[in-house]
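Engineer: Would you mind keeping the following structure in view while I ask a few things?
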Amino acid sequence: MKKILFYFSFFLILVGLQARWSTPAEQVTETAVVSGTQTGLEIRAAVLQHIEMYAMGPVEPRFDPVWQFVPGLHGLEFDFEQSYQNMLAHGEFDSALMVARSTPYAGKSEDFREHRIYRGNENSTYVGLLINVAWGGSELVAMLDILDEHNVQASVFFEGRFAYENRALVLDVLNWGHIVGNHSYSHPADWLSFSYAEFEEEIMRTNSVLTEITGQPVVFFAPPGGAFTDDTVRAAYDQGMYTILWSADSIDWRGEPAGVLVSRVMRRIGPGGLILTHPKPETVIALPEIIARIRAEGYEFRRIDEIVAGTRH
């Protein structure tokens, strides 16, 4: 009888130990290490910290007396519970597993289209690369290769005459994920002497060429030399277009060394900055360093359509 009681007691002890050693996953406390290197409590704290740092309300588009049309910026909100569960399953915090959604602003970008754009929103963490093209086909190809290698999308504005003679290149720009814009038809030297009708003709003629090549409407206009009058902007507006200028000019058309271009751009860069470049040999040399240094400062690259729309991610 004593032997029976002994074995029965031993059996109960084993069952109790097994229960402690094989606690179901749903019973794991936040202080327990989940399958990775962090406890549930540490993961929770990291998720909350990420939300506190990066959650933002939407920023409305506005007119600024200096910067003219300043695009808005979508808000960003996070799903704490789903993000937390993702991290628990992963075993440690990983920002790529955060679940977020964009929240739109109330205004409409179209309501500000009559005004020029010099930069994106100052609360953003992006910049935009602009390439105005009236020459330099081989340099543009080299720039596209660099952009593809570094996973950067740009906004490329074509002179209509150049586009007509380089149709395959225009399609390459589109097919590689860049946005195609209008840079007048003939880049005339006496541009500022034009009448409204002459501006309209240059813009419409280029739109016709680009739309015939791409099959898409053209929404963005970069005036040659950044020169404009009220009639220039109104002619673009009447065609349903935004007039795009810049806040950081590389001035690469001078043919200065690549290092000068890099330094000039980096001195002028800031949140929402629009960087003007052209397909020139020194620009090709400078471009990889410009991309690397801009990213090292924490900026991402956005196309002009994303900037105007207020895309945050």
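Engineer: For the chain, what does the helix formula give at 222 nm: sum of -39500 (n - 2.57) over DSSP H segments with n ≥ 4, over the residue count, nearest 500 deg cm²/dmol?
Structural biologist: My calculation for the chain gives -13500 deg cm²/dmol from helical runs alone.
Engineer: Related question: Given 154, 138, 233, which one lies farthest toward the positive end of the charge dipole of the chain, if we put +1 on the Cβ of every Lys and Arg and -1 on the Cβ of every Asp and Glu?
Structural biologist: Projecting each Cα onto the dipole axis, the largest value belongs to 154.
Engineer: Hey, what does the equivalent ellipsoid look like for the chain, semi-axes from the Cα gyration tensor as sqrt of 5 times each eigenvalue, largest first, whole Å? Numbers along the way, then the final one.
Structural biologist: Details: eigenvalues 634, 86, 58 Å².
In descending order, the three semi-axes are 56, 21, 17 Å.
Engineer: Also, I was wondering about something else. Return the carbon/sulfur percentage of the accessible area of region 63-110, one whole number, probe 1.4 Å, all protein chains in place.
Structural biologist: On region 63-110, the fraction of accessible area on carbon and sulfur atoms equals 53 percent.
Engineer: Is the shape of region 52-201 rounded, prolate or oblate, going by the alpha carbon gyration tensor and its root eigenvalues a ≥ b ≥ c, with a/c under 1.5 for rounded and a/b larger than b/c for prolate? Mind showing how you got there, number by number?
Structural biologist: On the way: a/c = 3.53, a/b = 1.63, b/c = 2.17.
Oblate, since a/c reaches 1.5 and b/c is not below a/b.
Engineer: Related question: Using per-residue counts of other Cβ atoms within 10 Å, averaged over each peptide, order 125-134, 87-96, 112-121, 161-170 from highest down. Could you put the intermediate results ahead of the total?
Structural biologist: Numbers: 125-134: 24.5, 87-96: 15.8, 112-121: 21.0, 161-170: 17.3.
Highest mean packing first, the order is 125-134, 112-121, 161-170, 87-96.
Engineer: Ignoring ligands, DNA and RNA, please state the percent of accessible area on region 180-313 from carbon and sulfur, probe 1.4 Å.
Structural biologist: With neighbouring chains kept in place, the figure for region 180-313 is 50 percent.
Engineer: Moving on to the next point. Where the only charges are on Cβ atoms (+1 Lys, Arg; -1 Asp, Glu), what is the dipole of the chain about its Cα centre, to the nearest 20 debye?
Structural biologist: 1300
Engineer: Where only protein heavy atoms count, and the probe is 1.4 Å, what is the accessible area per residue for region 57-207 in Å²?
Structural biologist: The answer is 45 Å² per residue.
Engineer: Ok, one more. Near the amide H of residue 76, under 5 Å away, which other amide H atoms are found, from residues 5 or more places off or on another chain, if H is placed in the peptide plane?
Structural biologist: Distant-sequence amide H within range of residue 76: 56, 57, 103.
Engineer: Take peptides 270-276, 209-215 and line them up by average Cβ neighbours within 10 Å, highest first, as a rough protection proxy.
Structural biologist: 270-276, 209-215
The values are calculated or read from the model by the stated rules, or taken from the named source; none is laboratory data. Note that the structure is a prediction, hence the values are computed from the model and not measured. Positions of Cβ are backbone-derived with ideal geometry, glycine not excepted, and every protein chain shown enters the neighbour counts. Only protein heavy atoms, including side chains, enter the accessible area calculation; ligands, DNA and RNA are left aside. Shrake-Rupley method; radii C 1.70, N 1.55, O 1.52, S 1.80 Å.
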